[in-house]
Amino acid sequence: MATAPARPTPGSAGEGMSEEAFEAVFDAAVAADERIEPRDWMPEAYRATLVRQIAQHAHSEIIGMQPEANWITRAPSLRRKAILMAKVQDEAGHGLYLYGAAETLGTSRDELLDKLHSGRQKYSSIFNYPTLTWADVGAIGWLVDGAAITNQVPLCRCSYGPYARAMVRVCKEESFHQRQGYESLLALSRGTAAQHEMAQDAVNRWWWPSLMMFGPPDDESAHSAQSMEWKIKRFSNDELRQRFVDICVPQAESLGLSLPDPDLRWNEERQHWDFGEIDWSEFKEILKGNGPCNDQRITQRRRAHENGAWVREAAEAYARKHSPGTPHTGTGQTPEHPAPPTGTGDRNGTRKATA
Amino acid sequence: MTAAAHTAALALGDDALVLSHRLGEWAGHAPVLEEEVALANIALDLLGQARVLLSMAGDEDELAYLREERAFRNLQLVEQPNGDFAHTLARQLYFSTYQHLLYGQLATGDSVFAPLAGKAVHETAYHRDHAEQWTRRLGDGTEESHRRMQRAATALWQFTGEMFQPVEGVPADWQQLERSWQQSVTEVLTSATLEVPEGPRTGAWKAGAGRQGLHTESFGRMLAEMQHLHRSHPGARW
């Protein structure tokens, strides 16, 4: 199902077709729940929307490494350290698949990184909050990754093929991340009084920001309607947020932790949990760059990139010298990298089972 | 387990634990996304080895988190700070070559380390390949990368002699190991257009080195960071 050969493309079977005719073919394919593939004709606005969304997702993966990597060197047991390292590594891997998916739309990783570094593209605001204690690692796994999964599972059916396929793999790994977060919080909640307090404090700080991850309410969401029509998005922000709250409330109870919302109560009529007002002023301030870690995150990212410039240049120079016949594209990637195994599925060497 | 095997498990386990920790410090700072994945992957392999080895010697967390600096038996090489990417890769080249050759020997023997070595030898083959490729790329890349790689290879040279000090309980042919290591490293450095460093391969300080529990200044700070949280909650389970 990787290609849709029956669809005409400009310059081949579709020669002489009008823009309107292409659009009709595209609309019909989306309506029939078929996948749009890289070589298919697509409206420029569809392409631009996807690039924006995939880039923001990719940037979120690589910026999201920072708050968790903050605890790798202090992880309190070797088992937890292994789990955390594997998780942060997965995030780098997700960044790779997603930049790859964006490349199929004609936008290079370098171009996107440049936009991230110059502030022209965003990453998820959730990563502008600090990880202050070890319990934050658990809370991120449970709540932030939980929210991400709720958002991302429907993306596995997104109309754009390469993005949908990348999301299938991402979601599998995210579900492992979410479970480890829950399990880590459970250990803390059932541990010493100090550990329990640490867990509760982390949940208190991460709960509301997690709800904001679903984006503004539907009536204020700038891109939602068109994305729903194109089947890039399948459910509205508010629907997904409600789904997330409904999942979390019983889980919090099992954890023995409370959620910091006095208005949480079961609504028999709606068959959903009612919850309190979200303070969108905080969301907007952070989006504007005024969050607790905005500067820190982007500065670290830029510094890593700048400090690595000589390494990337060396790899390109070496590749030019040693494969003179191959024109080098200069994308900033080093094509002859040894391909390291990614993900969590292939660790069966000396590593102990970690989850 | 004999006392000698215990000492040996600590020496090999501490090497893996400490280098894994240093590589973990790269997370979020690597020069290119592929290297975020690769360095984390190597760190995870090493942590897996460390857990097996330390568990042979006792409780892995007690050993990792509750020992004082002088009780660690790792090589001084692996505790050296990351420095720039060239320093990290020079450290990788020297250590992964050693570890791959050593596990190669142990894998074919019948010591208590044979089962671990049999698996780890495949992991370290990849670590070694990764380090060799980068040494060539940096050595034979740009003027700047050449200069940095040469500086790193030279700076870490003084820590390489310690690797061949026989470790009680590790049934290896140390002379053979040293010969193979020298030959391989010389070949890689030369093909990377780098000079093989000429200085002595051990320090002038007669008190000893990592295997005797004598470490370098940055190691205490590394342990303070690594052990702080665990020690702040005595007896807690995580």
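Read-outs throughout are calculated quantities, based only on the coordinates presented, and are distinct from any laboratory measurement. Because the structure is predicted, anything quoted here is derived from the model rather than measured. Virtual Cβ from ideal backbone geometry, glycine too; neighbours counted across all protein chains shown.
Going from the fewest other Cβ atoms within 10 Å to the most, the residues B:Asp15, A:Asp219 appear in the order A:Asp219, B:Asp15. Could you tell me how far the Cα centroid of segment A:208-242 sits from the Cα centroid of segment B:163-197, in Å? Distance between centres, Cα-based: 59 Å. Long hydrophobic helices in chain B, taken as whole DSSP H segments with a C-alpha length of 15 Å or more on their own axis and mean Kyte-Doolittle hydropathy at least 0.0: B:3-24, B:33-57, B:85-108.
Restriction of the trypsin sites (Lys or Arg not before Pro) in segment B:138-238 to DSSP coil positions whose beta-carbon has at most 16 other beta-carbons within 10 angstrom yields B:Arg201, B:Lys206, B:Arg237.
Exposed loop sites were defined as GluC sites (Glu not before Pro) in DSSP loop states (anything but H, G, I, E or B) carrying at most 10 other C-beta atoms within 10 Å; in chain B the longest segment without such a site runs B:69-197. Convex hull over the alpha-carbon atoms of segment B:80-159: what's its volume per residue in Å³? About 86 Å³ per residue, rounded to a whole number. Charged neighbours of A:Asp274, selected by a Cβ distance under 9 Å, balance to +1 (K, R count +1; D, E count -1).
Dividing the summed helix terms, -39500 (n - 2.57) for each DSSP H run of n ≥ 4, by the number of residues in the protein assembly as shown produces a 222 nm estimate of -19500 deg cm²/dmol to the nearest 500. In the structure displayed, which of A:Lys172/A:Lys233; A:Lys81/A:Lys172; A:Lys172/A:Lys288 lie more than 24 Å apart, Cα to Cα? In this structure, A:Lys172/A:Lys288 exceed 24 Å between Cα atoms. With a simple spin-label model that places each label point 7 Å from the Cα along the Cα-to-Cβ direction, the separation between A:Ser323 and B:Ala236 comes to 5.0 nm. The charge dipole of the protein assembly as shown, taken about its Cα centre with unit charges on the Cβ of Lys, Arg, Asp and Glu (plus for the first two, minus for the last two), comes to roughly 1320 debye.
B:Met1 to A:Ala225: FRET efficiency via 1/(1 + (r/R0)^6), r the Cβ-Cβ distance, R0 51 Å, to the nearest 0.05? Efficiency for this residue pair is about 0.15.
Multiplying the residue separation of A:Glu277 and A:Ser108 by 0.36 nm and removing their Cα-Cα distance gives an extension gain of 56.8 nm. Loop-resident GluC sites (Glu not before Pro) (DSSP state other than H, G, I, E or B) in segment A:50-97 with no more than 12 further Cβ atoms inside 10 Å of their Cβ are absent.
Projected label points at B:His228 and B:Asp110, each 7 Å from Cα along the beta carbon direction, are separated by 5.0 nanometres. By other beta-carbon atoms within 10 Å, ranking A:Leu185, A:Leu116 with the fewest at the front produces A:Leu116, A:Leu185.
Give the residue from A:Ser175, A:Leu211, A:Leu188 lying farthest towards the positive end of the charge dipole for segment A:110-259; charges sit on Cβ (+1 for Lys and Arg, -1 for Asp and Glu) and the dipole is referred to the Cα centre. Of A:Ser175, A:Leu211, A:Leu188, it is A:Ser175. Site pair A:Ala31 and A:Ser118 shows an inter-label distance of 4.1 nm when each label is modelled 7 Å from Cα along Cα→Cβ.
Kirkwood analysis of the Cα pair distances in segment B:3-232 returns a hydrodynamic radius of 17.7 Å. Multiplying each eigenvalue of the alpha-carbon gyration tensor of segment A:142-206 by 5 and taking the square root yields semi-axes of 32, 11, 5 Å, largest first, rounded to whole angstroms. Charged neighbours of B:Arg91, selected by a Cβ distance under 15 Å, balance to -2 (K, R count +1; D, E count -1).
Legend: calculated FRET efficiency, A:Ala309 to A:Arg234, from the Cβ-Cβ distance at R0 = 35 Å, rounded to 0.05, equals 0.30. Estimated at 0.36 nm per residue, the fully extended path between A:Glu197 and A:Ala45 surpasses their Cα-Cα distance by 49.9 nm. If R0 equals 30 Å, the separation of the Cβ atoms of A:Glu15 and A:Gln56 corresponds to a calculated FRET efficiency of about 0.25. Taking other C-beta atoms within 10 angstrom as a stand-in for reagent exposure, B:Arg51, A:Arg7 fall in the order A:Arg7, B:Arg51, fewest first.
Taken over the Cα atoms of the protein assembly as shown, the convex hull encloses 169 Å³ per residue. Multiplying the residue separation of B:Leu66 and B:Ala125 by 0.36 nm and removing their Cα-Cα distance gives an extension gain of 18.1 nm. Give me the distance between the Cα centres of segment A:63-115 and segment B:46-119, rounded to whole Å. One Cα centre to the other: 26 Å.
For chain A, the membrane-span-like helices by this rule, meaning whole DSSP H stretches whose C-alpha atoms cover at least 15 Å of axis and whose Kyte-Doolittle mean is 0.0 or above, are A:19-31; this says nothing about an actual membrane.
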